[in-house]
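The values are calculated or read from the model by the stated rules, or taken from the named source; none is laboratory data. Please read these numbers as outputs of a predicted model, since none were measured by experiment. Here the Cβ is made from the backbone with ideal geometry for all residues, glycine too, and neighbour counts use every protein chain on show.
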Amino acid sequence: MLTSREGLCDEEVSKWNRDGWLVVDDAIDDPTLDMLRHAVEELASWATADGPGLHHFEQTPSGPTLARSERFADEHGWLGSFVRSGVVPDVVAAVLAEPAALFKEKVNYKLPSGAGFAAHQDAAAYRFVDHHISVMVPIDPATVDNGCLWFARGHGAGKLDTDERGRLTDDVIASLDWEPVEVEPGQLVAFDSYAPHRSETNQTDMPRRTLYLTYNAANLGDFRDQYYTDKDAEFAAAGSTFASGGVRISISDDFLGRPVEP
Ligand SMILES: O=C(O)CCC(=O)C(=O)O
């Protein structure tokens, strides 16, 4: 239970305790947003030029489309600094009430017709420690039409029932009070790994790009290398589709996109 925390007002503390997610306004200034946009464009160019990082594609009506880039904090100097120091780890440290260590980092591009995500809790896919905090950093405005996140109100903690794919069951989904969280670049959304969330397809003709930066309490250890080593091994052994036919971009089978057609 979060009590008073430096950098968070009483209202934010009670919202965090009730819901497990929080929008932070005016967190990133315009020059930093320009740098972020530029950095995300560079990552996307790595995906098609055999550059560093781990990149995942999905099939959309316009062909194979970049869905996600991850594991870039050691390869992209500016982004590496942004994710490891400054406002984002500071927000996480405020909700954790202790310093945060980077666990993983990714960009979801959600280009036009890019797919959404079934309702899930990230805790199902995050290993080594029980509790993680993620921060969503919008690069483009996130709206209902382009597939913003939907969070539940009133479920700040605790594991919910899932099916064999790691998706929340229909009963759980129906029991939750869902709210679309539309945000603009400059805002952040911090969320607990037990906060249920989901999203829809991007139905616009513009990208909805978002960074997701995930941390654990630093005193528990640094698991990032181990996370990506395991993920590489799992993807290499299991291939790029789940038994369900879903495209494997996550450890959990919660992405609603289609595998790239041969
Ligand atoms: O970017 C989205 O629309 C949702 C992302 C998400 O839930 C995830 O990557 O686990």
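Key figures for this structure:
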quantity	calculated
Inter-residue pairs, beta-carbon under 6 Å, first under 23 Å from Asp232 (Cα atoms) and charged (D, E, K, R) and in region 95-120, second within 13 Å of the ligand (Cβ to nearest atom) and outside any loop (DSSP other than H, G, I, E, B), 6+ apart	Lys104/Thr214; Glu105/Leu213; Lys106/Arg68; Lys106/Glu70; Lys106/Tyr212
For Pro141: the one exception among (1) surrounded by fewer than 19 Cβ atoms within 10 Å (Cβ to Cβ); (2) farther than 21 Å from Val87 by Cβ; (3) not hydrophobic (A, V, I, L, M, F, W, C)	(2)
Among (1) closer than 30 Å to Asp34 by Cα; (2) within 17 Å of the chain's Cα centre (by Cα), the one test that Tyr194 misses	(1)
Count of region 225-262 residues which are part of a loop (DSSP other than H, G, I, E, B), among the hydroxyl-bearing types (Ser, Thr, Tyr) and within 16 Å of the ligand (Cβ to nearest atom)	2
Helices (runs of 4 or more DSSP H) lying entirely in region 16-127 (those with 1 or more residues that are among the aromatic types (Phe, Trp, Tyr) and away from the ligand (no atom under 16 Å from the Cβ))	30-48, 77-84
Failed criterion for His155 (all others in (1) outside any strand (DSSP E or B); (2) closer than 28 Å to Pro259 by Cα hold)	(2)
Filter result (touching a Leu at 6+ places or on another chain (Cβ under 9 Å) and on the phi > 0 side of the Ramachandran plot) within region 154-171	Gly154
Residue under evaluation Ala174, criteria (1) within 11 Å of the ligand (Cβ to nearest atom); (2) of a type in the set (Gly, Ala, Ser); (3) out of contact with any Leu (no Cβ under 6 Å at 6 or more places or on another chain); (4) modelled with pLDDT of 95 or more, criterion not met	(1)
Hits in region 162-213 - residues which are under 24 Å from Ala243 (Cα atoms), outside any strand (DSSP E or B) and among the hydroxyl-bearing types (Ser, Thr, Tyr)	Thr169, Thr201
Evaluation of Thr241 against (1) of a type in the set (S, T, N, Q); (2) farther than 19 Å from His120 by Cβ; (3) surrounded by fewer than 15 Cβ atoms within 10 Å (Cβ to Cβ) (one fails), failing number	(2)
Residues satisfying the stated conditions in region 23-48, i.e. at pLDDT below 95 and more than 13 Å from Val87 (Cβ to Cβ)	Thr48
Count - residues of region 144-171 that are among the aliphatic types (A, V, I, L, M), modelled with pLDDT of 95 or more and surrounded by fewer than 19 Cβ atoms within 10 Å (Cβ to Cβ)	1
Single unsatisfied condition, Asp130 versus (1) at pLDDT 95 or above; (2) more than 9 Å from the ligand (Cβ to nearest atom)	(1)
Answer residue from region 183-220, given it is surrounded by 16 or more Cβ atoms within 10 Å (Cβ to Cβ) and either aromatic (Phe, Trp, Tyr) or free of Cβ contacts under 8 Å to residues at least 60 places away in the same chain (or both) and is nearest to the ligand (Cβ to nearest atom) among those	Tyr212
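Here's the yes/no breakdown for (1) under 30 Å from Gln203 (Cβ atoms); (2) of a type outside the set (A, V, I, L, M, F, W, C); (3) within 18 Å of the chain's Cα centre (by Cα):
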| position | (1), (2), (3) |
| --- | --- |
| Asp50 | no, yes, no |
| Pro61 | yes, yes, no |
| Pro64 | yes, yes, no |
| Ser69 | yes, yes, yes |
| Gly77 | no, yes, no |
| Ser81 | no, yes, no |
| Ala93 | no, no, yes |
